[in-house]
Amino acid sequence: MYKTPFQITILGSSGAMPTSNRHTTAQLLKHDNKLFLIDCSEGTQIQMRRMKIPLMKINHIFISHFHGDHYLGLPGLLFTMHLLGRSNKLNIYSPPGLKEIIETHFGICNLKTSYSIIFNEIEKGGATIYEDASLKIDTISMLHSIPAYGFLFNEKPLERNIKKKYVNKYNIPVDQILKIKAGASYTTPGGEVLSNEELTIAPPPQRRYAFCSDTGYTESFTDQIEGADTLYHEATFMKEFSELASEKLHSTTAEAATLALKAKVKKLIIGHYSARYDDTQLISYLNEAKAIFNNTYLAKEGKVFDVG
Ligand SMILES: [Zn+2]
Ligand SMILES: [Zn+2]
């Protein structure tokens, strides 16, 4: 049982173009009490308002690539944060070029934001771009028409859980409890040594979330995402358009599911649906993927998925 929430909220499930009820790509990742924004398409800030997501609590934004359906909501969101008087610095991670885009945009209207923006440029896949006490985030190289990256969110090992009966029985002080949670044994006032295995229960396994969009079918990052608890993989087209998918460097339902199977992930979420499909056709989408990888789910605006 996990005490720390690790969840994805889908803000947009559509491919290159929005439809009347599907937004283009953006997701909110919550780990513990931290919020991370993955991609920021047009309308993302409106989606966050609708879903009552506190946008000022976002301190890190990850942009996969510079196709409009993945980042055109960013200037608007940054402007709103300025209007709300944000003072905390904001970190943005993206392929090179964003600093120039944003500085040009705000420079023309002579706007100096109330907060500082730190532009972190992604140069390659497999690089660690963010790390804190409980989470590490790595880049994944996508196969796409311009430099594009996925993101792998790795939870760090959780602390061991101390058995309450020992804390009560020996009245173990707080500083010792912290050491025991980190793996230490404990010597009772009477001189008896209790091993860490006896005193504690192992924590649940670390969880991993892989976000992979946009990409043509490739097995080049299979090793990196192997065994992930949840994989989000784009599926722009159904199987009938497999040639078009490979030409455009996008994936089909069957390809996303095949990769999920090969990488032995536990759960697959598909999205980035072509605007040619209306919502009633998405059940066929799901069925095509499930025929290959049964534990598949459809991305849908407002849907929250637990990573583990
Ligand atoms: Zn896209
Ligand atoms: Zn793209």
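The values are calculated or read from the model by the stated rules, or taken from the named source; none is laboratory data. Computed from a prediction, not measured in an experiment: that's the story for all the values here. Here Cβ is always computed from backbone atoms with ideal geometry, including for glycine, and neighbour counts include all displayed protein chains.
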Subject >> Spans of helices (runs of 4 or more DSSP H) in region 151-238 with at least 2 residues farther than 22 Å from Lys262 by Cα >> reply: 164-170, 174-181, 196-199
Original post:
Which ones in region 200-218 are surrounded by 14 or more Cβ atoms within 10 Å (Cβ to Cβ) and of a type in the set (A, V, I, L, M, F, W, C)?
Top reply: Ala210, Phe211, Cys212
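So for region 255-265 (the condition being within 16 Å of ligand 1 (Cβ to nearest atom) and either in a helix (DSSP H, G or I) or farther than 30 Å from Asp279 by Cβ (or both)), does at least one residue qualify?
Looking through region 255-265, at least one residue is within 16 Å of ligand 1 (Cβ to nearest atom) and either in a helix (DSSP H, G or I) or farther than 30 Å from Asp279 by Cβ (or both).
Which residue, of Gly68, Gly15, is surrounded by fewer than 16 Cβ atoms within 10 Å (Cβ to Cβ), within 28 Å of Ser141 (Cβ to Cβ) and within 15 Å of ligand 2 (Cβ to nearest atom)?
On inspection, the qualifying residue turns out to be Gly68.
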Original post:
Can you spot a residue in region 74-91 that is within 16 Å of ligand 1 (Cβ to nearest atom), surrounded by fewer than 20 Cβ atoms within 10 Å (Cβ to Cβ) and either under 22 Å from the mean Cα position of the chain (by Cα) or in the same structural domain as Pro18 (by TED's automatic domain parsing) (or both)?
Top reply: no
Original post:
Taking region 28-45 as the region of interest, how many residues are free of Cβ contacts under 8 Å to residues at least 60 places away in the same chain and exposed (fewer than 15 other Cβ atoms within 10 Å of the Cβ)?
Top reply: 1
Original post:
Counting just the residues of region 218-244 that are among the charged types (D, E, K, R) and closer than 28 Å to Asp279 by Cβ, which one comes out farthest from ligand 2 (Cβ to nearest atom)?
Top reply: Asp229
Subject >> Tally of residues being of a type outside the set (Lys, Arg) and part of a loop (DSSP other than H, G, I, E, B) across region 119-150 >> reply: 15
**OP:** Inspect region 209-229 for any residue being more than 17 Å from Met142 (Cβ to Cβ) and either outside the structural domain of Ile63 (by TED's automatic domain parsing) or polar (S, T, N, Q) (or both) and give the result as yes or no.
**Re:** no
Original post:
Going by the structure shown, is Tyr277 within 16 Å of ligand 1 (Cβ to nearest atom) and part of a strand (DSSP E or B)?
Top reply: no
Original post:
Exactly one of (1) closer than 29 Å to Asp306 by Cβ; (2) in a helix (DSSP H, G or I) is unmet by Ser246. Its number?
Top reply: (1)
**OP:** Please indicate, with yes or no, whether at least one residue in region 149-157 is farther than 19 Å from Gln27 by Cβ and without any contact (Cβ under 8 Å) to a residue 40 or more places away in the chain.
**Re:** no
Original post:
Counting just the residues of region 219-245 that are hydroxyl-bearing (Ser, Thr, Tyr) and within 16 Å of ligand 1 (Cβ to nearest atom), which one comes out surrounded by the most Cβ atoms within 10 Å (Cβ to Cβ)?
Top reply: Thr236
